[in-house]
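The values are calculated or read from the model by the stated rules, or taken from the named source; none is laboratory data. All values reported here derive from a predicted model rather than from experimental measurement. Using ideal geometry, Cβ is built from the backbone for each residue, glycine included, and neighbour counts are taken over all protein chains shown. To get the accessible areas, we keep the full protein, side chains included, count just its heavy atoms, and leave off ligands, DNA and RNA. Shrake-Rupley method; radii C 1.70, N 1.55, O 1.52, S 1.80 Å.
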Amino acid sequence: MSRLPSPAGAGYFARHTVTALAAELRAGRVSPQDLAEQALAEAARLEPELNAFVTLDAAGARAAARRAAEELAAGVDRGPLHGIPVAVKDVVDTAGLRTTMGSRHFADRVPDRDATCVRRLRTAGAVIIGKTATHEFAYGPTGDRAANGATRNPYRPDRMTGGSSSGSAAVVAAGVVPASVGTDTGGSVRIPAALCGVVGLKPSHGAVPLDGVYPVAPSLDTVGPLARTAADCRLLWHVLSGRTATGPGGARRVGWIPPDVIHPAWPQVADTAMRCLAGGGFAVEEVTVPGAAALARAYHTIQSSEVYAVHADRMATAADLYDEEVAERLRGAARVRGWEYVRARDLRERSRDAITALLRGHDLLALPTVPITAPPLGARRTDGVPDVRTALLALTSPWSVLGLPAVSVPAGLVDGLPVGLQLVGPAGGEDLLLAVAQELYDATPETDLSVPSPH
């Protein structure tokens, strides 16, 4: 995990981790109100360029920060997130706060209940400052199709953040908040984490309750945290999942999955990531994932069938309210046949056995998160990349099909744009992955691992 330089003009929270802020709060050097005001000010300053928020909740954030301060003063300490500003993706219900799914269909929707994951954040004392942008209905890996427009990459505003948790990654990378919440169906936390240079965790399927989260494909959907460091990501993970911390398990054996090269500079970045692993004392062995291409096809079939089941009625009655690209993808999803869906689910079950066997010989697997750097906004093909959406999902979606946990951690820069290393573990292995990610960070010198693109 590389210690990337922050984007130009990044805000206060690009320089302060959750762990450090928690210590400052308890020492009385800052207050929850100070942090909330700082987050709101950074959002106001950077939002015109990023377009990362759908709704800011200044009144709600100030009230929550005041309660957090009063509790700390009274000796009530809810844990490391107490008084910490966070942002939540706009497909996750927040009571009394607009939740739109990035769509004109729900432009004025205000839920009356919190999603379970949000309730857990509030119980932990976190201060929610607003709702972050999403690809419409979280149905897209590019992050540039939504009713409120495209979210822009903090490293290069003319580039994509990736999606669908576009705003959640952008606000962490830009230092607006120290941590955020996203959702991941086929890569929607990991892809923007990689393209924006932050840490993003897709938990095991079912590890975080999905009630109050608008579905994409229910058998694939997950809720996951994003933060600047793996240690901070782990703090959020424990709150979202309701689990207590477990030991890292002493992982040392890593199976490296070499990707098909798409971006010409990727071999150099992959070498950098490999050296990080080796420098951390890990035994790295190249491995092959049996049936990887078939898993990617199974993802497309399962996701398409399930997403159309969610949207069929709305497509029949109000298709004109969708972004046209999203509507066209839904029309394509409608063409998946029932027998194809059944076969894809059968393949998923058979593939789990093969991957379980692979993980018996390795503590975790490693590969790039995304095989390309952030494409230009709106691009659907670039030089050497005939299909941007397919490329973005190529290395993340197989692990979603299998329901396994995976984390994207920064691996370096190519032409000034972040790239990510993806770590994949056994079901329930989230703490293992995040502990390894933090080890890599701790072993990395205080310099960025930049790799110029060859010309």
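What to note about this one:
- Furthest towards positive pole of dipole, Thr100, Pro376, Ile191, structure part the chain, Cβ charges: Thr100
- Mean projected area of the convex hull spanned by the Cα atoms of the chain, taken over all viewing directions: 19.5 nm².
- Cut-off 10 Å between beta-carbons: net charge of the residues surrounding Arg122, Lys and Arg +1, Asp and Glu -1: +3
- Per residue accessible area in Å² of region 1-84, where ligands, DNA and RNA are left out and the probe is 1.4 Å: 45 Å²
- The calculated P(r) of region 139-180, using every Cα pair and 10 Å bins from 0, goes 35, 54, 11 in percent.
- Table column - 3J(HN,Hα) (Hz), region 302-312, Karplus curve with 6.51, -1.76, 1.60, x for Gly and Pro: 5, 4, 4, 5, 6, 5, 5, 4, 5, 10, 4
- For the chain, the Cβ-based charge dipole about the Cα centre amounts to some 480 debye (Lys, Arg positive; Asp, Glu negative; other atoms uncharged).
- Straightening the chain between Ala318 and Ala95 buys 77.7 nm, computed as 0.36 nm per residue apart minus the Cα-Cα spacing.
- Computed from backbone phi with θ = phi - 60° and the Karplus coefficients 6.51, -1.76 and 1.60, the 3J(HN,Hα) list for region 72-89 is 4, 5, 8, x, 8, 10, 8, x, x, 8, 4, x, 8, x, 9, 10, 10, 4 Hz; x is used for glycine and proline.
- Rg over Rh, two decimals, region 97-256 (C-alpha only, Kirkwood Rh): 0.96
- Of interest is the spacing of the C-alpha centroids, which for region 19-53 and region 113-190 amounts to 17 Å.
- Selection from Gly338, Ala354, Ala309 lying farthest towards where the dipole of region 308-361 points positive, charges on Cβ: Ala354
- Between Glu349 and Ala63, residue separation times 0.36 nm minus the direct Cα-Cα distance comes to 98.2 nm.
- Portion, in percent, of the accessible area of the chain that falls on carbon or sulfur, probe 1.4 Å: 52 percent
- Taking amide H atoms as placed 1.01 Å from N in the peptide plane, the amide H of Asp415 lies under 5 Å from those of Val451, Ser453, each 5 or more residues away in sequence or on another chain.
- Stretched out straight at 0.36 nm per residue, the stretch from Arg45 to Ala107 would grow longer than its current Cα-Cα span by 19.9 nm.
- Rounded to the nearest 20 debye, the dipole size of region 242-363 about its Cα centre is 500 debye, using +1 on the Cβ of Lys and Arg and -1 on the Cβ of Asp and Glu.
- Sorting the segments 100-113, 196-209, 45-58 by their residues' average number of neighbouring beta-carbon atoms within 10 angstrom, most packed first, yields 196-209, 45-58, 100-113.
- Couplings for region 396-404, taken from phi via the Karplus curve 6.51 cos²θ - 1.76 cosθ + 1.60 with θ = phi - 60°, read 9, 5, x, 6, 5, 4, 7, x, 8 Hz in order; Gly and Pro are left as x.
- Ellipticity at 222 nm from helices only: DSSP H runs of n ≥ 4 in the chain, each -39500 (n - 2.57), divided by the residue count, give -12500 deg cm²/dmol.
- Percentage of interatomic Cα-Cα distances in region 313-455 larger than 27 Å: 42 percent
- Taking packing as the residue-averaged number of other Cβ atoms within 10 angstrom, the listed peptides 179-191, 132-144 run from highest to lowest as 179-191, 132-144.
- Residue-normalised accessible area of region 123-184, given per residue in Å² at a 1.4 Å probe: 14 Å²
- Efficiency of FRET between Ala27 and Ala245 - r from beta-carbon atoms, R0 22 angstrom, step 0.05: 0.45
- The modelled label-to-label distance for the pair Asp77/Asp383, using points 7 Å beyond Cα in the direction of Cβ, is 5.5 nm.
- Amide H contacts under 5 Å for Ile128, placed H, 5+ residues apart: Val86
- Gyration tensor over alpha-carbon atoms, region 34-76, equivalent ellipsoid semi-axes in Å: 26, 10, 6
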